[in-house]
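Student: Mind having a look at this structure? Questions to follow.
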Amino acid sequence: MNAETIAFIGGGNMASAIIGGLLRAGMKPAQFIVVEPYAPQREKLVGQFGVAALAAGDASLAGASCVVWAVKPQLFGAAAEPVKAWVGGALHLSVMAGIRSESLVAATGSERVVRSMPNTPALIGKGIAGLYARSAVSAQERATIERLLAPTGQSLWVEHEDDLDAVTALSGSGPAYFFFFVEAMMAAAVDMGLTADQGKRLALATCAGAAALGLGSDESPATLRERVTSKGGTTHAAITSMQADGVDAAIQRAVLAAQKRATELGKEFG
C-alpha cells in the first residue's frame with residue numbers, strides 16, 4: 001500500500017486509529033487525505049499525523065485508490081453528495097453502522113464496496129472487524145482491505161451483508177456490554193467494602209485474563225465456566241443467582257435489540 005493514496009470521509013476516532021496504524025506500518029503522511037468539516041478535529045489530525053485535512057472534498061480526492069467512509073450513519077447523505085464527483089473510480093471501505101452497500105454504490109458510483117463493522121478496541125490495535133465485500137471487489141482488493149485494517153486488530157469475512165447487522169450487535173456494540181458488566185462489578189465491590197478503584201482493577205484484570213484464557217483454549221466457554229463452578233461454592237451461588245434473574249436471556253434480548261436497530265439504521269439513513 002506504500003504507493004497508494006487513501007482518502008477518509010470523516011476524521012474521528014476510527015479514522016485516526018486506521019491512519020495511526022498505517023503510519024506506524026510505514027505509510028507516509030502525504031498518502032492520506034481526510035475530509036473533516038469540524039475545524040478543531042482537522043487541526044488535531046494535522047498536528048498528530050501531518051496529513052492533509054480538508055473542510056470539504058475537492059479534486060484531490062480523484063487521486064485516491066481507496067476511500068474510507070468514517071462518518072456517523074445519519075451524516076452519510078450530507079457527506080456523500082459533495083464528494084461523489086471525485087470518487088467513482090476508487091475502492092470504497094465503509095466503517096459506518098447500518099448503511100447498506102447499495103446505498104454506497106448509489107452515492108459514489110462505484111460497485112467496488114466493502115463494508116466493515118469494527119469496534120472501539122481498534123483504537124489500541126485489539127479490535128475485530130466483520131467484513132462484507134460486494135461481488136465487484138477482487139481477491140486482491142479484499143487483501144488490500146485486510147492490510148488497511150490490520151493495524152486495528154483482527155478481521156472476519158461474512159458471506160451475506162445482513163450478517164453485518166449481527167456483527168454490529170455482537171462485537172460492534174459488545175465493548176459497551178462489557179463495560180456495563182464491569183460497572184456493576186465495581187458497584188458490588190463498593191457494597192462489599194472495597195474502593196471503586198480496587199473494584200475496577202480487579203474486575204478489568206479478571207475479565208482480561210478470562211478473555212485471554214478463552215482465546216487460547218480449544219474448549220468452549222461453557223466448559224471453562226463449569227471448571228470454576230463447583231457445586232455449592234461461591235461461583236455456583238453467583239451463577240445460580242444470575243440464572244434466576246434471567247441474565248442470560250436478558251443479554252440475548254439486548255443483542256437482538258442491537259441487531260434490529262442496525263437494520264433500522266440502514267433503512268433510515270441509507
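Student: Tabulate in residue order the Karplus-calculated ³J(HN,Hα) for the stretch 193-198, using 6.51 cos²θ - 1.76 cosθ + 1.60 with θ = phi - 60°, rounded to whole Hz; enter x for Gly and Pro.
Tutor: These are the phi-based 3J(HN,Hα) values: x, 7, 7, 4, 5, 5 Hz.
Student: Run lengths n ≥ 4 of DSSP H only: what is the helix-derived mean residue ellipticity at 222 nm for the chain, with -39500 (n - 2.57) per run over all residues, to the nearest 500?
Tutor: Helix-only estimate at 222 nm: -15000 deg cm²/dmol.
Student: Any chance you could give the angle, 0 to 90 degrees and rounded to 10, that helix 139-149 forms with the longest Cα principal axis of the chain?
Tutor: Tilt relative to the chain: about 60 degrees.
Student: Go through the stretch 117-124 residue by residue and turn each phi into a ³J(HN,Hα) via Karplus (6.51, -1.76, 1.60, θ = phi - 60°); whole Hz please, and just put x for glycine and proline.
Tutor: Values per residue, Gly and Pro as x: 10, x, 9, 5, x, 4, 5, 10 Hz.
Student: Just to confirm the number: angle between the C-alpha axis of helix 247-269 and the first principal axis of the chain, 0 to 90 degrees, nearest 10?
Tutor: In the chain, helix 247-269 runs at an angle near 10 degrees to the longest axis.
Student: Under 23 Å Cα to Cα from Lys267, which lysines show up? Leave out anything in the same chain fewer than 8 places away.
Tutor: Qualifying lysines at Cα under 23 Å: Lys72, Lys84.
Student: Would you give the gap between the C-alpha center of the stretch 159-205 and the C-alpha center of the stretch 41-89, rounded to a whole Å?
Tutor: 33
Student: Still on this model: What distance in nm separates the two pseudo spin-label positions at Ala136 and Leu156, each 7 Å out from Cα along the beta-carbon direction?
Tutor: A separation of 2.9 nm, rounded to one decimal place.
Student: Which trypsin sites (Lys or Arg not before Pro) does the stretch 183-250 hold that lie in a coil by DSSP with at most 16 other beta carbons within 10 Å?
Tutor: Answer in residue order: Lys231.
Student: Farthest toward the dipole's positive end in the stretch 99-204, which of Ser101, Thr144, Pro175, given Cβ charges of +1 (Lys, Arg) and -1 (Asp, Glu) about the Cα centre?
Tutor: After comparing all options, I get Thr144.
Student: Residues with beta-carbon under 13 Å from that of Gly12, excluding Gly12: net charge, scoring Lys, Arg +1 and Asp, Glu -1?
Tutor: It works out to a net charge of +2.
Student: Right, another one. Count the net charge of all other residues whose Cβ sits under 15 Å from the Cβ of Phe49, scoring Lys and Arg as +1 and Asp and Glu as -1.
Tutor: Cβ neighbours under 15 Å give a net charge of +2.
Student: How tilted is helix 39-49 with respect to the longest principal axis of the chain? Cα atoms for both, answer in degrees (0 to 90, nearest 10).
Tutor: Compared with the principal axis, the helix lies near 90 degrees.
Student: Suppose every Lys and Arg Cβ carries +1 and every Asp and Glu Cβ carries -1, with no other charges. What dipole size does the chain come out with about its Cα centre, to the nearest 20 debye?
Tutor: 420
Student: Suppose every K and R has +1 on its Cβ and every D and E has -1 on its Cβ; what is the size of the dipole of the stretch 6-165 about the Cα centre, in Debye to the nearest 20?
Tutor: 480
Bear in mind that the values in this text are calculations on the coordinates, not laboratory data. Worth saying up front: this structure is predicted, and the values here are computed from it rather than measured. Positions of Cβ are backbone-derived with ideal geometry, glycine not excepted, and every protein chain shown enters the neighbour counts.
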